[in-house]
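Peer 1: Just dropping this structure here.
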Amino acid sequence: MEPLISKWHRELEIFSSLKPLLILEGNVLDSYRYPVPGSIPEDELVSLSRYLYGYFSDQGYERVVFYSNLIGFMNPYKPEMLEDYAKDGHCDIRNGVIPAEFKGNDAQTAPNLIRRSMLQNQKATVHILELASHYITSPERMDQQDVNSFNILLQSALSSATVRTIHGRKQNLLILLVSKLNDLPAWFYLNNPVCKTITLEAPDRDERKRLISGPAFPTFFDSSVYRTDAPYYAEHPEELEKLQEKFVGLTEGMTFTELDAMRRLSKKELTPIRDLCTVVDLYKYGIRTNPWESLSMSSLRHAKQDLEKRVKGQDSALERTLDVVRRAVTGMNGLSSSSTAKPKGVLFYAGPTGTGKTETAKALAEKLFGDESACIRFDMSEFGESHSDQKLMGAPPGYVGYEAGGQLTNAVKKQPFCILLFDEIEKAHPTIMDKFLQILEDGRMTDGQGNTVYFSESIIIFTSNLGMYVKDALGNRHANVTMDMTYPEVEKAIRGAVEDFFKLELGRPEILNRIGENIVVFDYIRREAGEAILRAQVDKIIRRMEEQKQIRIIIPDEAYAELHDAALADLSNGGRGIGNQVESLLINPLSRWLFEMEVSGNRTVTIDHFLTKTNPAAVVCHMDP
């Protein structure tokens with residue numbers, strides 16, 4: 001098998017012979033598989049330091065030394081290299097380390113030792129500064145000694161000597177390993193002709209595929225399990241390939257260290273080959289059973305009827321919603337995308353107020369996960385400030401609230417299998433849209449504490465009242481849709497307004513592209529739906545009164561007609577408006593009458609009239625003797 005060499009390794013090959021100062025930033029804490037034969041066994045998983053030592057030793061460098069501001073100079077892989085380095089710098093080695101502070105006026109500080117070594121032309125030397133992000137508090141809080149130390153390093157790189165070796169001419173190198181480039185002072189690397197920044201990213205799809213398809217694959221399983229399962233997959237290689245492809249997709253964005261942890265976890269749990277992908281859920285969420293996989297097709301066949309018991313008059317919206325759910329359950333979501341780690345589904349609910357948008361999300365959570373509390377709601381009107389993204393995702397280190405984490409990230413870590421409901425998304429600050437863009441594209445987010453939170457098992461629902469009103473050239477608001485319009489007309493007008501908001505007003509068409517065709521427009525509550533909502537609410541009140549208070553409420557047809565006419569007189573506020581009318585016309589006056597008559601239970605109460613015309617806040621009732 002031809003070696004698979006990562007992009008950053010190829011950049012290292014090119015620029016280590018051209019630039020004396022290299023900054024490796026990004027995934028520097030990960031482990032890596034050494035891709036070519038040399039001092040490290042091929043495909044062995046090693047730390048980045050071990051990787052770099054092996055690489056530069058293979059390239060003919062005579063000395064590779066590591067520096068940490070907490071320890072000093074060292075070389076745990078070949079200590080004699082450090083002895084030679086100490087002689088040149090006239091330093092003492094104590095317990096295998098050359099102690100050296102990063103800043104100070106002493107000639108034996110680390111930058112001064114590095115400068116002398118970079119200037120010499122006798123031994124080709126590589127200096128690797130580990131965790132260089134931590135040498136200063138921040139680029140904005142550098143004192144004069146911090147500045148001096150980095151100035152010396154900069155001068156060292158600018159004056160780096162070239163050494164003649166048996167492997168050819170080698171320039172002395174200074175390499176800094178940092179988590180983020182902006183942890184270093186910008187003047188150190190910007191417009192610096194001798195500096196090259198190389199970004200280390202998580203293993204790409206090809207690297208993960210090579211890991212799970214190559215010689216390391218058997219090591220994912222206990223030896224006895226592998227011996228038992230392997231013959232079947234040897235006869236059915238197409239099934240094994242599908243399994244491996246699924247694993248590759250589910251592990252998008254994961255590091256080699258995490259992949260290796262899953263390998264050890266799989267072996268420890270005696271996982272059979274067919275259940276390899278369950279290890280991903282076990283590693284991410286601490287669970288072995290995925291609720292999505294336990295959903296039965298038969299229960300979903302009746303899902304629409306179940307949702308219609310709670311959401312009335314929204315046939316088209318419910319059908320569009322269930323299309324997304326069906327794609328998630330059948331594994332067809334994201335087939336047209338290069339990422340398989342995206343959320344299970346994304347929906348954008350728009351339309352008039354009180355039409356069932358939030359209720360649909362709650363009903364869907366109960367249907368999918370057996371509990372309405374699996375619908376986690378965020379009122380986006382609370383996130384309208386520029387710093388609001390920290391409330392959702394968590395504050396960065398050093399800021400107030402860092403320890404608490406973010407509201408969204410905490411919720412998803414606690415309950416990854418859920419529906420995330422973002423109400424009135426248009427009221428959120430635009431910076432939050434950038435976070436949503438990453439979630440919708442990658443299915444993951446790193447919180448302020450540096451923990452990766454996965455959204456790949458959730459359905460994300462945005463709700464909005466966008467499109468109900470539009471502004472004219474003078475900035476005045478006008479109704480964009482009315483109850484006189486048919487549903488197709490309402491849908492077209494609102495979809496157009498939503499698209500204009502993202503493209504023209506917000507200037508973020510890419511967010512609209514991530515939502516795709518999943519803009520679901522809810523219709524006005526029409527007369528027939530209003531009648532169904534009223535009947536459902538009244539029946540619910542009657543049922544609960546009998547269950548909880550043993551009070552039987554009877555509403556004859558004549559009285560119900562009075563309530564019906566009054567409650568449905570104005571449907572502009574949708575189901576919420578009907579609920580308000582039921583509270584005003586039925587619940588409040590009935591509770592007052594029961595209190596005044598001291599009705600405590602085991603009684604039958606008949607409502608004879610709703611005095612909606614003479615006294616809307618009163619009812620005429622009688623009790624059976």
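What follows is calculated from the coordinates using simple rules that are stated; it is not laboratory data. Everything numeric here is computed off the predicted structure, so don't read it as measured data. Glycine gets a Cβ as well: all are built from the backbone with ideal geometry, and neighbour counts include every protein chain shown.
Peer 1: So in the chain, what percent of DSSP beta bridges are antiparallel if you round to the nearest 5?
Peer 2: 35 percent
Peer 1: Tell me which of GLN537, ASN191, PHE436 sits at the most positive position along the dipole axis of the chain, charges placed on C-beta atoms (Lys, Arg +1; Asp, Glu -1).
Peer 2: Farthest along the dipole direction, towards plus: ASN191.
Peer 1: Using the Karplus curve 6.51 cos²θ - 1.76 cosθ + 1.60 with θ = phi - 60°, work out ³J(HN,Hα) for each residue of region 166-174 in order, rounded to whole Hz, and write x for Gly and Pro.
Peer 2: 5, 9, x, 7, 10, 8, 5, 10, 10
Peer 1: Take every Cα pair under 8 Å in the chain that's 6+ residues apart, average their separations, divide by the length, and report that relative contact order as a whole percent.
Peer 2: For the chain, the relative contact order is 10 percent.
Peer 1: Ranked highest first by average number of other Cβ atoms within 10 Å, how do 239-245, 573-579, 518-524 line up?
Peer 2: Details: 239-245: 15.4, 573-579: 20.3, 518-524: 23.0.
So the peptides 239-245, 573-579, 518-524, ranked by packing, come out 518-524, 573-579, 239-245.
Peer 1: If amide H atoms are built 1.01 Å from N in the plane of the peptide, which residues on other chains or at least 5 residues away come under 5 Å of the amide H of TYR349?
Peer 2: Close amide H contacts, sequence-distant or interchain: PHE462, THR463, SER464, VAL520.
Peer 1: Assuming R0 = 56 Å, can you tell me the calculated FRET efficiency for the pair ASP624 and THR482, based on Cβ-Cβ distance, to the nearest 0.05?
Peer 2: With R0 = 56 Å, the Cβ-Cβ based efficiency is 0.75.
Peer 1: Evaluate the charge dipole of region 527-623 about its Cα centre and quote only its size in Debye, nearest 20, assuming +1 on the Cβ of each Lys and Arg and -1 on the Cβ of each Asp and Glu. Display every interim value, and only then the final one.
Peer 2: Values: 11 positive and 14 negative charges, 63 e Å.
That gives region 527-623 a dipole magnitude of about 300 debye.
Peer 1: I've got another one for you. Can you give me the pair-distance distribution of region 527-623, C-alpha pairs, 10 Å bins, whole percents?
Peer 2: 16, 52, 28, 4
Peer 1: Long-range amide H contacts for GLN171: which residues qualify at under 5 Å (H placed 1.01 Å from N, peptide plane, sequence gap of 5 or more or a different chain)?
Peer 2: Residues meeting the amide H criterion: VAL163.
Peer 1: How high is the relative contact order of region 342-521, in percent, counting Cα pairs under 8 Å that sit 6 or more residues apart?
Peer 2: Result for region 342-521 is 29 percent.
Peer 1: In addition: Fully extended, how many nm does the chain gain between ILE71 and ASP557 (0.36 nm per residue separation, minus their Cα-Cα distance)?
Peer 2: Extending this stretch completely gives an extra 166.3 nm.
Peer 1: If every alpha-carbon in region 109-183 counts as one equal scatterer, what log10 I(q)/I(0) does Debye give at q = 0.12, 0.14, 0.19, 0.20 1/Å?
Peer 2: These q points yield log10 I(q)/I(0) values of -0.37, -0.48, -0.80, -0.86.
Peer 1: Of LYS103/LYS123; LYS413/LYS492; LYS180/LYS242; LYS344/LYS413; LYS357/LYS471; LYS362/LYS503, which pairs sit farther than 28 Å apart, going by alpha carbon to alpha carbon?
Peer 2: In this structure, LYS413/LYS492; LYS180/LYS242; LYS362/LYS503 lie more than 28 Å apart at Cα.
Peer 1: State the volume of the convex hull built on the alpha-carbon positions of region 205-289, expressed per residue in Å³ and rounded to an integer. Provide the component values of the computation, followed by the final result.
Peer 2: On the way: hull volume 7.4 nm³, N = 85.
Spelled out: Cα convex hull of region 205-289, divided by residues, is 87 Å³.
Peer 1: Calculate, in nm to one decimal, what SER224 and ASN410 gain on full extension: separation in residues at 0.36 nm each, minus their alpha carbon distance.
Peer 2: So the extension gain works out to 63.0 nm.
Peer 1: With a Förster radius of 56 Å, plug the Cβ-Cβ distance of LYS268 and ASN105 into 1/(1 + (r/R0)^6) and report the FRET value to the nearest 0.05.
Peer 2: Approximately 0.60, to the nearest 0.05.
Peer 1: First measure r as the distance between the Cβ atoms of ALA473 and ARG205, then evaluate 1/(1 + (r/R0)^6) with R0 = 51 Å and state the FRET efficiency to the nearest 0.05. Don't jump to the answer; show the numbers that get you there.
Peer 2: Values: r = 50 Å, r/R0 = 0.97.
The value I calculate is 0.55.
Peer 1: Here's a follow-up. Across bins of 5 angstrom width beginning at 0, how are the C-alpha pair distances of region 452-597 distributed, in whole percent?
Peer 2: Histogramming region 452-597 at 5 Å steps yields 2, 7, 13, 15, 12, 11, 10, 10, 9, 6, 4, 1, 0 percent.
Peer 1: Let me make sure I get this right: for region 7-200, a, b and c are the square roots of the gyration tensor eigenvalues over alpha carbons, sorted descending. Under 1.5 in a/c it's rounded, otherwise prolate if a/b > b/c, else oblate. Which is it?
Peer 2: It comes out rounded by the Cα gyration axes.
Peer 1: What value, in deg cm²/dmol to 500, does the helix sum -39500 (n - 2.57) over DSSP H runs of n ≥ 4 give at 222 nm once divided by the residues of the chain? Working shown, then result.
Peer 2: Values: 25 runs with 261 residues, N = 625.
Taken over the chain, the calculation gives -12500 deg cm²/dmol.
Peer 1: Let me spell out the model: positive unit charges on the Cβ of Lys and Arg, negative unit charges on the Cβ of Asp and Glu, origin at the Cα centre of the chain. What dipole size does that give, in debye rounded to 20?
Peer 2: Dipole magnitude for the chain comes out near 1100 debye.
Peer 1: While we're looking at this one, here's another question. In terms of the ratio Rg/(2.2 N^0.38 Å) built on C-alpha atoms, what value belongs to region 382-512?
Peer 2: For region 382-512, the normalised Cα radius of gyration is 1.23.
Peer 1: Next question, about the same structure. In whole Hz, what ³J(HN,Hα) sequence does region 609-616 give by Karplus (6.51, -1.76, 1.60; θ = phi - 60°), x for Gly and Pro?
Peer 2: Couplings: 8, 9, 7, 6, 8, 7, 8, x Hz.
Peer 1: Could you pull out every residue, at least 5 positions away or on a different chain, whose amide H is within less than 5 Å of the one on CYS375? Hs are placed 1.01 Å off N in the peptide plane, and Pro or chain starts have none.
Peer 2: HN-HN under 5 Å from CYS375: ILE419.
Peer 1: Okay, next question. Restricting to Cα pairs below 8 Å that are 6+ residues apart, what does the relative contact order work out to for region 527-623? Please round to a whole percent.
Peer 2: 33 percent
Peer 1: Give me a comma-separated list of calculated 3J(HN,Hα) values for region 452-460, in order, Karplus coefficients 6.51, -1.76, 1.60 applied at θ = phi - 60°, integers in Hz, x for any Gly or Pro.
Peer 2: Each residue of region 452-460 in turn: 8, 10, 9, 10, 6, 10, 10, 9, 9 Hz.
Peer 1: Can you give the charge dipole size of region 57-122 about its Cα centre, rounded to the nearest 20 debye, using +1 on the beta carbon of Lys and Arg and -1 on the beta carbon of Asp and Glu?
Peer 2: Numbers: 7 positive and 9 negative charges, 37 e Å.
Dipole of region 57-122, to the nearest 20 debye: 180 debye.
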